[in-house]
Amino acid sequence: MTAGLKHRLRVEPYPYQREGIAYGLDKKRLIIGDEPGLGKTLQSIGIVDTADAYPCLVISPSSLKINWQREFEKFTDKKALVLDNSTRTTWPYLLKMAMYHVAVVNYESLRKFFVWDIKGGKSFRLKDVVFCPHIRMFRSIIIDESHRVKDPAAQQTIFTKGITTGKEWIILLSGTPVVNRPEDLVAQLSIMGRLQEFGGRTKFMADYCTDPKDKKAEPAIPLSVLSDTLYANCMIRREKAKVLPQLPDKTR
């Protein structure tokens, strides 16, 4: 699968990173769940750039926005714009004119930049949110630290779901995609548009989740089956120990 991969990155990815890029190009909507330090950022940029899926929106923690801007401009010939108050009204124009190809926003600012109105009061659902029409221009979305949108009822999860709906390329990055709780995957699968592949939320919960009060309860379907299905359909995860031979010696 990786032999025919022709990328335009300014660096040559390690073999397992080429595998991740090729997997992403094949699946299009996926979770890269590699352990920290294995280059999930590079792989996601490689997928977007090789697919030429611009404009791209990166949703990340606030502390990582500048890092995403630097990484895109380091690995590709594209320019990235960090969304802040100075670009609140001009970012759609800057992207449409191809002055920038990537927009980077933090979770807490999704409402500020992409939501026009909310009709449901304090507790609202996705159908109550009126999104800015400019979100249609994004061809790809990268969601960094995607375990931050594991709560289906949280505002940031609802906004993220609305922004990603209908997108061809959706890449979730998380070193901890499942924290021993399969229900943590429900919102992430929904954001990728893949929850129906598991029969929808109700069936997923019935098949793989147990009553938290019953410590000895076993899920109706073994979690090994869930794991196999995820790896086959939409998730790639490598451990550092297994790819260590591909990595260079540590430098100080």
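For residue 58, nonlocal amide neighbours, meaning residues 5 or more places apart or on other chains whose placed amide H falls under 5 Å from its own, are 103, 104, 105, 142. Listed values for segment 118-127 are Karplus-derived 3J(HN,Hα) couplings in whole Hz (6.51 cos²θ - 1.76 cosθ + 1.60, θ = phi - 60°), namely 10, 9, x, x, 5, 9, 9, 10, 4, 5, and x replaces Gly and Pro.
Amide H contacts of residue 235 (H built 1.01 Å from N, in plane; Pro and chain starts excluded): 31 sit under 5 Å, all sequence-distant by 5 or more or on other chains.
Computed over the chain with a Gaussian network model linking Cα atoms closer than 10 Å, the most mobile of 108, 71, 218 is 218.
Might you report the magnitude of the Cβ-based charge dipole of segment 113-252 about its Cα centre, with Lys and Arg at +1 and Asp and Glu at -1, to the nearest 20 debye?
Working: 23 positive and 16 negative charges, 56 e Å.
Its charge dipole is roughly 280 debye.
Among 224-234, 238-248, 148-158, sorting by the average number of other beta carbon atoms lying within 10 angstrom of each residue, highest first, gives 148-158, 224-234, 238-248. Contact order for segment 97-252, expressed relative to its length and based on alpha carbon pairs under 8 Å spaced 6+ residues apart, stands at 15 percent. Annotation: amide H of residue 131 within the under-5 Å range of 116, sequence separation 5 or more or interchain, hydrogens built in the peptide plane. Taking the helices alone, the chain has a mean residue ellipticity at 222 nm of -10000 deg cm²/dmol, built from -39,500 (n - 2.57) per DSSP H run of at least 4 residues and averaged over all its residues.
At a probe radius of 1.4 angstrom, the accessible area of the chain per residue rounds to 51 square angstrom.
For a protection proxy built on the mean count of beta-carbon atoms within 10 angstrom, sort 50-63, 204-217 highest first, please. Each step should come with its number before you reach the end.
Working: 50-63: 19.2, 204-217: 12.6.
The densest-packed peptide leads the list: 50-63, 204-217.
For segment 53-205, the fraction of 1.4 Å probe accessible surface lying on carbon and sulfur atoms is 50 percent.
The values are calculated or read from the model by the stated rules, or taken from the named source; none is laboratory data. Please read these numbers as outputs of a predicted model, since none were measured by experiment. Note: ideal-geometry Cβ built from the backbone for every residue, glycine included; neighbour counts use all protein chains shown. Just the protein is used for accessible areas: all its heavy atoms, side chains included, with ligands, DNA and RNA removed. Shrake-Rupley method; radii C 1.70, N 1.55, O 1.52, S 1.80 Å.
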